[in-house]
Amino acid sequence: MVDLRTEFAGLKLKNPIIISSSGLTSSADKNEKLEMAGAGAIVLKSLFEEQIMLKAQQTNEAAYYPEGGNFLTEHLNAQDLAEYLKLIQESKKRCSIPIIASINCCTNKEWVEFARKIEFAGADAIELNILSIQASPYYECGEFEKRHIDILNSVKSKIHIPIIIKLGIHLTNPVSLVSKLRASGAEGIVMFNRLYQTDIDIKKLEFISGEVLSSASDLTPSLRWIGISSATVGNIDYAASGGVHSAEGAIKSILVGASAAEICSVIYKNGNQCIHPMLQYIECWMRGKGYENISQFKGLLKAKDVNCTNMYERTQFLRYFSERE
Ligand SMILES: Cc1cc2nc3c(=O)[nH]c(=O)nc-3n(C[C@H](O)[C@H](O)[C@H](O)COP(=O)(O)O)c2cc1C
C-alpha cells in the first residue's frame, strides 16, 4: 500500500499537491471543489500589504503609492479585509485539508498587525510572498535579503501558526537567505514565485503583459535551488512552485528535497480534474520503484557535494554550450 502523506511547515498533508495562491483559491466554494478533486492543501489568494495599509491608515494611494495609478485605487477599494477573514473562516468550515493564508508584502510596516486576525480567523499557516523589484542605483547589496528577515521577525512576533516564505527568483544566494530565515523561525520555504512577465507590442510600441501561465520548463530553477538548499539547510521544509505541470514535476521536486509541490498554471490550463491523475501517477511510480512512502525518495537527488556546486555549474555550462556549434 502506497502512502502519499507528507509534512510541510508543520502541517500534515494527505498528499504533496498544494494549490498555489491565485484566483483558483479565492472562494470557499472553489476551495471545497479543489479538496474534492484531491488537493493536499490550499494557499488562499493573496491579500496585498497595500490593501491592509490602505484600510489601516485610511489614506489614499496617491500619498502612499504615488506611482500606483488608477488601477491601485480601484483594485484596493474593491477589496475588503473582512472578506479575506471570511474567506479563511468559510474555507476552514468547508475543507478538512490545511488552509494557508497568503500575504503579498514587501515591508514590515503596520500591516503585520493584521497577521493576528488571520491567525484568529483559523488559518493553519501563513505564506508570505515577499515581492519587490530592486532597481535603485543606491541599493546596497544584501538590503533586500535583510528585509526578508525583518518581515519574518515582525510577523513571527505577532502569531504562533507556521510561517512559510515564498521567495522570488532573483536572489544572489537563496541558500544563505534560507539559513537565516530558518534561524529566525520560518517553518517552510516555497521556491519560487512567478514574477509578472513583460513583453512588448512592436506595432503599438507599448509594454504589454507576457505569458501569465508557466510552462513545464520553468521548473528548472526550483529543482536547482531546492536541491542545493535542502542539502545545506535542514530542519525546514521546502515546496516547489513554478512549472510543476505534471506528476513527473512533483516527483522531481520531491527527489531534490521538497516535501510538497505547489501547482497553479496547470489547473488554469486543465482544470481541477488534472489533480487526481497526478496523484494516481505518483502512486503508480512509487509502486514501480518499490517506495511505500514519500520519505523513502525525498531528497534522494539533492546536491551531493554543495562545495562543488559552482564548479559543477561552470563545467556543465562549458560542456553544454561548447557541444553546440
Ligand atoms: C492568475 C494568477 C494569479 C496569481 N495570484 C497569486 C497571488 O495572489 N499570490 C501569490 O503568492 N501568487 C500568485 N500567483 C503565483 C502562483 O501562486 C505561482 O507561484 C506561480 O504561478 C508559479 O506556479 P505555476 O507554475 O504552477 O503556475 C498567481 C499566478 C497566476 C497565474
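The values are calculated or read from the model by the stated rules, or taken from the named source; none is laboratory data. All values reported here derive from a predicted model rather than from experimental measurement. FYI the Cβ positions are ideal-geometry reconstructions off the backbone, even for glycines, and counts take in every protein chain you see.
What about Glu292, is it more than 16 Å from the ligand (Cβ to nearest atom) and either over 17 Å from the mean Cα position of the chain (by Cα) or of a type in the set (D, E, K, R) (or both)? Yes; evaluated as a whole, the condition is true for this residue. Residues of region 20-35 that are in contact with an Asp or Glu (Cβ under 8 Å, 6 or more places away or on another chain) and within 9 Å of the ligand (Cβ to nearest atom): Ser20, Ser21.
If you filter region 260-281 down to residues that are under 16 Å from Thr25 (Cβ atoms) and of a type in the set (A, V, I, L, M, F, W, C), you find that the one that is surrounded by the fewest Cβ atoms within 10 Å (Cβ to Cβ) is Cys274. Highlighted here are the strands (runs of 3 or more DSSP E) found entirely within region 144-257 that include at least 1 residues which are among the charged types (D, E, K, R): 163-167, 198-201, 206-209, 237-241.
Has region 291-304 got any residue that is in contact with a Phe, Trp or Tyr (Cβ under 7 Å, 6 or more places away or on another chain) and either at pLDDT 95 or above or under 16 Å from Arg5 (Cα atoms) (or both)? Yes, region 291-304 contains a residue that is in contact with a Phe, Trp or Tyr (Cβ under 7 Å, 6 or more places away or on another chain) and either at pLDDT 95 or above or under 16 Å from Arg5 (Cα atoms) (or both). Of all residues in region 159-176, those that are farther than 30 Å from Arg116 by Cβ have Cβ atoms under 6 Å from Cβ atoms of residues that are in a loop (DSSP other than H, G, I, E, B) and within 16 Å of the ligand (Cβ to nearest atom), 6 or more apart or on another chain, in Ile169/Phe192.
Say whether the condition of being surrounded by 23 or more Cβ atoms within 10 Å (Cβ to Cβ) and not hydrophobic (A, V, I, L, M, F, W, C) is met by at least one residue in region 299-322. No, the conditions are met nowhere in region 299-322. When region 258-277 is filtered for residues that are within 12 Å of the ligand (Cβ to nearest atom) and either of a type outside the set (Val, Ile, Thr) or not in a strand (DSSP E or B) (or both), the ones remaining, listed by number, are Ala261, Glu262, Cys264, Ser265, Val266, Ile267, Tyr268, Lys269, Asn270, Cys274.
If you check Glu206, Glu211 for being more than 30 Å from Tyr312 (Cα to Cα), within 15 Å of the ligand (Cβ to nearest atom) and loosely packed, with under 15 Cβ neighbours inside 10 Å, only one passes: Glu211. Contact map, region 111-138: first residue under 23 Å from Lys93 (Cα atoms), second residue more than 16 Å from the ligand (Cβ to nearest atom) and modelled with pLDDT under 95, Cβ cut-off under 8 Å, separation 6 or more or different chains; pairs are Phe114/Ala56.
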